[in-house]
Each structure stands twice: as C-alpha cells, then as structure tokens.
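Data block below; observations after.
The values are calculated or read from the model by the stated rules, or taken from the named source; none is laboratory data. Nothing here was measured: the structure is a model prediction, and the numbers come from that model. All Cβ positions, even for glycine, are placed from backbone atoms using ideal geometry, and neighbour counts span all protein chains on display. These accessible areas exclude ligands, DNA and RNA; they are computed on the full protein's heavy atoms, side chains included. Shrake-Rupley method; radii C 1.70, N 1.55, O 1.52, S 1.80 Å.
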Amino acid sequence: MMVLPLVSVALFSCIQDEPLNAEADILECNLSDDKDILLTKGDTIRKVFSNEENISILVQPGSDLTKRSPKFILTPGATVSPESGSEHDFSDNKVVKYVVTSEDGEWKRDYFVSYNSFELPSLFHFDNYKLDRSGKYQVVYEVVDDVEVMGWWGSGNPGYSMASSSGPEGYPTVIIDKGYQGTGLQLVTRSAGSFGSMVGMPIAPGNLFLGSFNVGMALKQPLKATCFGLPFAKVPKEIKGWYKFKPGEVMTDANNKEIEGVDDYNIYAMFYENTDEKGNQVVLDGTNSSTSPYLVLYAEVEKGEPTDEWLPFSIKFESRNGKTIDEKRLKSYGYNFSLVFSSSRRGDIFQGAVGSTLCVDEVSIICE
C-alpha cells in the first residue's frame, strides 16, 4: 500500500536534485523591431555562434540608431543585463555590453553588441571562419574595420550536417591554408551517403554564396533553401579572381546512377531588384537565379579546363530582361547582389562527381 507514495517521493527527490543549467549564452537576436532598417530586410532572427562575442547587426546606411531595443534568446534559465528588449543608443558606432548569467549563477559571459552599416567589400580573401554552434562545420565570415561580420556568406554545410558525421575538414565548404595568397576557399563535391540517396540527394556539392541558407527547406525544397543576395548600392561590371579545379572521376545523377560526361565547376553572379511592383521583398533562390524577371545583370564563367595551378578568371556582367539601372533605386539599396561558387555546375539538380574540387581566392568585384 505504500509503494506509490514512496515512488512519488523518489521522483520528487530526483526533480529537486536536478542541477541548474551552467550555460550562459546568447543563442539568437530577435530584431523584429528593426526590420525596416536591416541590411537584409526580413532577416529578423540573427543566430549567434558559440564562439562569437562581438555581435554586429547589419543595417542600411543612414538608419536612425538612437533608440534600438534588440531582444535575445538565451540558454535555458539564463538572464541578461541590461534586460533583453531594453532601449539603447547605438548611434556613432556605440557598443553596448550585455552580461549573460547562467541559471546556476556560477558563470557569466560578456557580449558586445553594435549596429553597423558596413558596405560589402570589393575584395574577398577568404581568411576567416568559425565553427558553427555544434562544432560540426565551418562558417565563413568577413572582417571590416576590425569588426567580425557574420551573415554575409551562406553555404550548404548546414544541410550536409544532417547526413554526415565527419569532422569540419570533411565538409563540402572549408577554408584551406594554401590559397593563392595566404588562405583560400575549397569546395568539394561530397557523397551524402545512404541518407542522401534515400531522399534523392546523393551528392552535396561544395558551394559558397552571398546570402543565406535556409536549413528548414533543405529536405523539402532544396533549391529554395539557397537564398541569394544582399543589398548593394554599386553597379557591378566584372568579377575577377583566381581558381584551381579538378573534376571527380565518376559522374552520377540524382538517382546515384553513373552517367556520361565530365564534371565542371561554376562561378556566377547576379544583380537584381529586391522588391516587386507592390513593394514586396524579392529574394532569388536556386529555382530562379538565372531566369527571374527581376534580374538586371548576370555573369557566369564559361566551361573551364581542369588545372593544378592557380589561374585567373574573369566574368563580365550582361544585362537581363531589357532593364536599366534606376539611380533612385540604387541609392536606396533597392538592388541585391550575389556571388556564387560551386564545385559541380549541375549540382543544383544533384548531378556531379564526388571528389570534384574547386579552390578560389582573392576574388574582387569591379564596379562602375
């Protein structure tokens, strides 16, 4: 007759003895109140990496930053001071220090938050990366005026993480020590294993692009998972850089069946209107990056020869859809620009050769 009460007491004791959380991290910034000034409109959730302490929020030049109130999602039980959602003056490059305290009160962590109106640089060295919060793969970032700027580059690494247990160096997109000058970017077409074959995605081409990757769409609509472009107030004329490429040995299709042909890499760029006729946001993705009616300029590398040596490449922009540049739209950041690299030209439809390797470095945007 006393069994149930004793069990209840034991369970209660276990609950009481459960240790409090010792983590003191900001996981995400909720910027819904800033959606009208963000550099990438609509991107109101800013993920924070586990080794990131300087949080830079990218906004459009000329934005009023005197009264901003970012909100934070913390590790369970943690608290932050100043309070999440409190109002602060971030104008004139001011930095606000936030201190996160763990649930158990034993640990504290300092974060330094700023609002920055950085322009996209015109030269990319591919020198910087961090591991994502899980430590599984590399995330490429830029440094502008000594500030680490996350969120400009996207890749398929998050999607690959669902099918792989390899270390960071085994992912499709990585930074390597031996670039053309210093470090460089390496993109490798990888096998997605049995899981990838089961869902009709047997390969994972290495890719990197200016924009973001929506991991929630990776399995349902993989082409829509790649969201291309960032606001840009200059008119691009040409892309130059250095590359090496070695194709994999066996071409396969989306059914993982061997097909004829030799794999090829791809480098392309787009410049497009980022709002429609009604003012709604436009973001190009893998389904329409070369066919959208909102395209204004487009550039793509022609088929290249494999090379073990670093060689220069150059691609020039051509007009699309008979459109011309609207100076008023340009000054108000009404155009998006994206630059895309891929180790398999037809990797978007899962055709390619495992092992195809594209290396790129010292890539510059030549503007009018």
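What pairs come out if I take residues in the stretch 275-291 that are under 24 Å from Lys328 (Cα atoms) and pair them with residues that are open to solvent by 70 Å² or more (accessible area, probe 1.4 Å) whose C-beta lies under 7 Å away, six or more apart or interchain?
Thr275/Gln281; Gln281/Lys41
Only one of these is under 15 Å from Ser342 (Cβ atoms) and out of contact with any helix residue (DSSP H, G or I) (no Cβ under 9 Å at 6 or more places or on another chain): Phe195, Phe245, Phe213. Name it.
Residue meeting the stated conditions: Phe245.
Per-residue answers, yes or no, for (1) outside any strand (DSSP E or B); (2) crowded, with 16+ Cβ neighbours inside 10 Å:
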| residue | (1), (2) |
| --- | --- |
| Gly135 | yes, no |
| Tyr141 | no, yes |
| Glu148 | no, yes |
| Val174 | no, yes |
| Tyr180 | yes, yes |
| Gln186 | no, yes |
| Phe195 | yes, no |
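Going residue by residue through the stretch 112-122, is there one that turns out to be closer than 28 Å to Leu20 by Cα and under 25 Å from the mean Cα position of the chain (by Cα)?
Taking every residue of the stretch 112-122 in turn, at least one turns out to be closer than 28 Å to Leu20 by Cα and under 25 Å from the mean Cα position of the chain (by Cα).
Suppose the filter is open to solvent by 30 Å² or more (accessible area, probe 1.4 Å) and either within 24 Å of the chain's Cα centre (by Cα) or modelled with pLDDT of 95 or more (or both); does Lys130 pass it?
Answer is no for this residue.
Taking the stretch 246-282 as the search range and keeping residues that are basic (Lys, Arg) and over 26 Å from the mean Cα position of the chain (by Cα), which one is modelled with the lowest pLDDT?
The extreme case among them is Lys278.
Can you tell me how many residues in the stretch 252-269 are of a type in the set (D, E, K, R), touching a residue at least 24 places away in the same chain (Cβ under 8 Å) and out of contact with any strand residue (DSSP E or B) (no Cβ under 6 Å at 6 or more places or on another chain)?
The qualifying residues number 2.
Here is a list: Leu297, Leu210. Which entry is open to solvent by less than 70 Å² (accessible area, probe 1.4 Å), within 23 Å of Tyr333 (Cα to Cα), touching a Gly at 6+ places or on another chain (Cβ under 7 Å) and in a strand (DSSP E or B)?
Leu210
Only one of (1) surrounded by fewer than 17 Cβ atoms within 10 Å (Cβ to Cβ); (2) not in a loop (DSSP other than H, G, I, E, B) fails for Tyr115. Which number is that?
(1)
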